[in-house]
1. Being modelled with pLDDT of 80 or more, under 60 Å from the mean Cα position of the chain (by Cα) and assigned to a helix (DSSP H, G or I), is that true of even one residue in region 24-40?
2. Being open to solvent by 70 Å² or more (accessible area, probe 1.4 Å), within 50 Å of the chain's Cα centre (by Cα) and without any contact (Cβ under 8 Å) to a residue 24 or more places away in the chain is the filter here; which residues of region 161-199 pass it?
3. Among the residues of region 105-123, write down those that are under 29 Å from residue 183 (Cβ atoms) and loosely packed, with under 12 Cβ neighbours inside 10 Å.
4. Kindly provide the set of residues from region 153-180 that are in contact with a strand residue (DSSP E or B) (Cβ under 9 Å, 6 or more places away or on another chain) and either part of a helix (DSSP H, G or I) or of a type in the set (Val, Ile, Thr) (or both), ordered by number.
5. Say we look at region 124-152 and pick out the residues that are assigned to a helix (DSSP H, G or I) and under 27 Å from the mean Cα position of the chain (by Cα); which of these is surrounded by the most Cβ atoms within 10 Å (Cβ to Cβ)?
6. Exactly one condition in (1) open to solvent by 70 Å² or more (accessible area, probe 1.4 Å); (2) small (Gly, Ala, Ser); (3) closer than 24 Å to residue 163 by Cα is false for residue 219; which is it?
7. Might you let me know whether region 102-122 holds any residue that is at positive phi and at pLDDT 90 or above?
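The values are calculated or read from the model by the stated rules, or taken from the named source; none is laboratory data. All figures in this text were calculated on a predicted structure; none of them were measured in a lab. FYI the Cβ positions are ideal-geometry reconstructions off the backbone, even for glycines, and counts take in every protein chain you see. Keep in mind that these areas ignore ligands, DNA and RNA; they rest on the heavy atoms of the full protein, side chains included. Shrake-Rupley method; radii C 1.70, N 1.55, O 1.52, S 1.80 Å.
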Amino acid sequence: MIRSRVLPVLAGLLLSPLALAQGGLDPVLQKGELRTQQAAQAQTRVDAAYDATRSALDEFKGVQKQIEGLKVYLEQLGAQVENQDRELAQIGTSIDNVALVERQIVPLMLRMIDALDQLVALDAPFLIDERKARVQRLRELMPRADVTVAEKFRNVMAAYSTEVNYGSTLEAYRGKLPDGREVDQLRIGRVALLYRSLDGSQRGYWDKAAKSWKDLPNSDDPDVLYALRVAREQTAPDLIHLPLATAEAAK
């Protein structure tokens, strides 16, 4: 009887530590697992904060570079503004000078036109209608308000350039003598001006000293005719023999 009661007691004593161990271990494991979860969550927050900080730092560096670029741009812009201010000052001075030049150049152009008109009147009478018309166009151009002074001056200089070119060119054209006869005229620079009638029966030259047309003999007709063909590019150019001595003798 005593023996049978001891065994349950011993069994109970042996089972009590194991039960106590199991009962006390679960809360520890739970706390450890909770700490692990909390540590993982904290690490997640740390990683998120690091990523946000890194992104903010990269954005800050990008903005800083933009600021540095803007500073350089503003420095260059400031230099350009200073240069533009200097240019504006120079333009203002130039405008004042232009007004002064215009007041001086307009009378000059008028004198140049008068001189050109006198040249046409005193020169040999070649292309006389064309040259007089050119001078007249210049006179009509001068009072126009819709044409700049520069354009007027360009036209005057172009007219002078045309007159200068007459001195170094050979030209044949159809013209009229003062008596109304239509003839072929030959201009050799400003050295000689000759004519030949359309039927070839008459020919002559402009006498500078007498300021009139003089006849040439029939023997000069081949030379005059050849010179006309050379001027019209109808034959190969060669040495031209013209009766210029006659003109010189008349002086």
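1. no
2. 164, 165, 168, 174, 176, 182
3. 118, 122 - these are the residues of region 105-123 that are under 29 Å from residue 183 (Cβ atoms) and loosely packed, with under 12 Cβ neighbours inside 10 Å.
4. Passing the criteria: 166, 169.
5. 152
6. (3)
7. Within region 102-122 (the criterion being at positive phi and at pLDDT 90 or above), the answer is no, since none of the residues qualifies.
Condition check ((1) under 30 Å from residue 148 (Cα atoms); (2) among the small types (Gly, Ala, Ser); (3) under 23 Å from the mean Cα position of the chain (by Cα); (4) open to solvent by less than 80 Å² (accessible area, probe 1.4 Å)) across all residues:
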| position | (1), (2), (3), (4) |
| --- | --- |
| 60 | no, no, no, no |
| 65 | no, no, no, no |
| 70 | no, no, no, no |
| 78 | no, yes, no, yes |
| 82 | no, no, no, no |
| 87 | yes, no, yes, no |
| 93 | yes, no, no, yes |
